[in-house]
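Reviewing the structure listed below.
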Amino acid sequence: MFDFITEEHKMIQEAARDFAQKSIAPIAEHFDETGEFPIDTIRQMGQLGFMGIVVPEEYGGVGMDALAYSLALTEICKADASHGTVMSVNNSLFAHGLMKFGTEEQKQKYLVPVASGEKIGAYSLTEPMSGSDAGTMKSRAVLNDAGTHYIINGVKSWVTSAPYADYIVLFTMTAPEKKHKGVTAFLIETDKPGFARGKKEPKLGIRASATSEIMFDNYECPVENRLGQEGEGFKIAMTVLDAGRIGIASQALGIAEAALEASIDYAKEREAFGQKIGQFQMIQQKLADMKTRVEASRLLIYQACLAKEEAAKTGARYSLEASMAKLFASETATYVTKEAVQIHGGMGYSKEMPLERYFRDAKITEIYEGTSEIQRMVIARSLTGLR
Ligand code: CAA
């Protein structure tokens, strides 16, 4: 039906499904419970090429397109959203910006190890007092008198993978008076003096994906580690988030698919009042609505992937398509996982089954990489051209 899905796409989807079901699904509960970072399986995902799917082979990736990335990420998240979070940050939030805006030297030094999964990348935009309003950050980078280094100070928050990241794409102010036009991006090496990590955030869901604050205290960043030009940072951050939002939509789809499949199985097995619960119209209505929203999410994600590929040729933006996919798929994930818990009754609420984990994991997809409110703002602005 979808002739844009090639044999290659099906192969990477199959490879991801196979790895996810054999190696991730059996350990997902343990890592959710303990909140440990699943470093071994993350490294294996790197060896299999999942950490740099859209990155060209000469930069350590497998050189496939947005659809391949989305299909693989959905399969990983169907087994465990936490593994998917690490994969999406490496692929979209770290690698995409570097691919688009990095110098050859920066790509060789930072993109190759992250895309090949040898190193872990992160992306840091948010601050304690600047989340949705991303252009109002308080951290600063000041060029030293010799013009060789930027001195960075400040605190960034909610940085996914920060506790384990080797490199971070950081967005900070070089010219605060220019507001968003004063934001500049830098490549940070986390083993250098002046960099520190805060405590791991205790989270509701995606508990095996580590998140923390990061602190800069007179951190010296060489000029050659500036990503793009001074003042270009906000545009880079937003460009990267468009790619990232397709990843989060794919993650949401994976979580929703897992919850839906479990619910269908349960509806066919569980009996009440002398019949299978799937024979009750109230359960049928839930399953029908869950399935319809899952498939609508998938179509919006396909559309966003195709728009991203088209944009790579034309230079156009695909913010509208990416935000619609993220908005609908994330709200579908919270809806479907909530209904899945309800269909399973007490078992849905129990840690004996993964439904309550899906329910907790789904919520973040409506929050990170732009809340649902921000996605609606992006969509409406794209329609009217008004700000
Ligand atoms: N691509 C390229 N440029 C873009 C763009 C995009 N998608 N979106 C905006 N821009 C440009 C605009 O064209 C404009 O450029 P000019 O000044 O040259 O005209 C500039 O950026 C400013 O645009 P806006 O006036 O629209 O900016 P704004 O301040 O009103 O903000 C916003 C727009 C959409 C609300 C944006 O701030 C936003 O997306 N906020 C949410 C941020 C977010 O998603 N944060 C979480 C990310 S990180 C995370 O979740 C943690 C993690 O580790 C996973």
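A dipole drawn for the stretch 255-387 from +1 and -1 charges on Cβ atoms has a positive end, and of Q279, Y335, L320 the residue lying farthest that way is L320.
In a reduced charge model with +1 at each Lys and Arg Cβ and -1 at each Asp and Glu Cβ, the stretch 234-384 shows a dipole moment near 300 debye about its Cα centre. The residue among M137, A16, G49 whose Cα reaches farthest toward the positive pole of the charge dipole of the stretch 16-157, with charges on the beta-carbon of Lys, Arg, Asp and Glu, is M137.
The distance linking the stretch 167-221 with the stretch 93-128 is 13 Å (Cα centroid to Cα centroid, whole angstrom). Restriction of the chymotrypsin sites (Phe, Trp or Tyr not before Pro) in the stretch 1-54 to DSSP coil positions whose beta-carbon has at most 11 other beta-carbons within 10 angstrom yields F2, F4. What is the angle, in °, between the Cα long axis of helix 281-314 and the longest principal axis of the Cα atoms in the chain? Nearest 10 is fine, range 0 to 90. The answer is roughly 30 degrees.
In a reduced charge model with +1 at each Lys and Arg Cβ and -1 at each Asp and Glu Cβ, the stretch 122-231 shows a dipole moment near 420 debye about its Cα centre.
In the chain, the alpha-carbon atoms span a convex hull of 138 Å³ per residue. Within the straight-line cut-off of under 19 Å between alpha carbons, the lysines reachable from K178 are K138, K235, sequence neighbours fewer than 8 places apart in one chain being disregarded. The angle between the Cα long axis of helix 25-34 and the longest principal axis of the Cα atoms of the chain comes to about 60 degrees, rounded to the nearest 10. Considering only Cα atoms, the convex hull volume of the stretch 234-384 works out to 105 Å³ per residue.
In square angstrom, rounded to the nearest 10, how much accessible surface does I283 have for a 1.4 Å probe? My reading of the accessible area for I283 is about 30 Å².
Neighbours of K351, meaning other residues whose beta-carbon lies under 10 angstrom from its beta-carbon, give a summed charge of -4 when Lys and Arg score +1 and Asp and Glu score -1. Surface composition of the chain: carbon plus sulfur atoms hold 54% of the accessible area, using a 1.4 angstrom probe and ignoring ligands, DNA and RNA. With K and R counted +1 and D and E -1, the other residues having a Cβ less than 11 Å from that of F31 yield a net charge of -4.
In the context of the full set of protein chains, residues of the chain present 44 Å² of accessible surface per residue (probe radius 1.4 Å, heavy atoms only). Output the pairs from K109/K192; K78/K268; K199/K326 with a Cα-Cα distance over 24 Å in this structure; if there are none, say none. Where the Cα-Cα span goes over 24 Å, the pairs concerned are K199/K326.
In the neighborhood of Q108, defined by Cβ-to-Cβ distances under 14 Å, what is the net charge if each Lys or Arg adds +1 and each Asp or Glu adds -1? The answer is -3. Taking the stretch 202-235, which trypsin sites (Lys or Arg not before Pro) meet the DSSP loop condition and have no more than 16 other C-beta atoms within 10 Å? Answer in residue order: no site qualifies. Considered as an equivalent ellipsoid built on the Cα gyration tensor, the stretch 7-119 has semi-axes of 24, 16, 10 Å, the largest given first.
When +1 charges are put on Lys and Arg Cβ atoms and -1 charges on Asp and Glu Cβ atoms, the dipole computed for the chain relative to its Cα centre reaches about 1000 debye.
Calculated mean residue ellipticity, 222 nm, the chain: -15500 deg cm²/dmol, from DSSP H runs (n ≥ 4) at -39500 (n - 2.57) each, averaged per residue and rounded to 500. Within the listed set T337, T190, T126, the residue fluctuating most in the Gaussian network model of the chain (springs between alpha-carbon atoms under 10 angstrom) is T190.
The values are calculated or read from the model by the stated rules, or taken from the named source; none is laboratory data. Predicted, not measured: the structure shown is a model, and the values here were computed from it. Glycine also receives a Cβ, built like all others from the backbone with ideal geometry; neighbour counts cover every protein chain displayed. Accessible surface areas use protein heavy atoms only, side chains included; no ligands, DNA or RNA. Shrake-Rupley method; radii C 1.70, N 1.55, O 1.52, S 1.80 Å.
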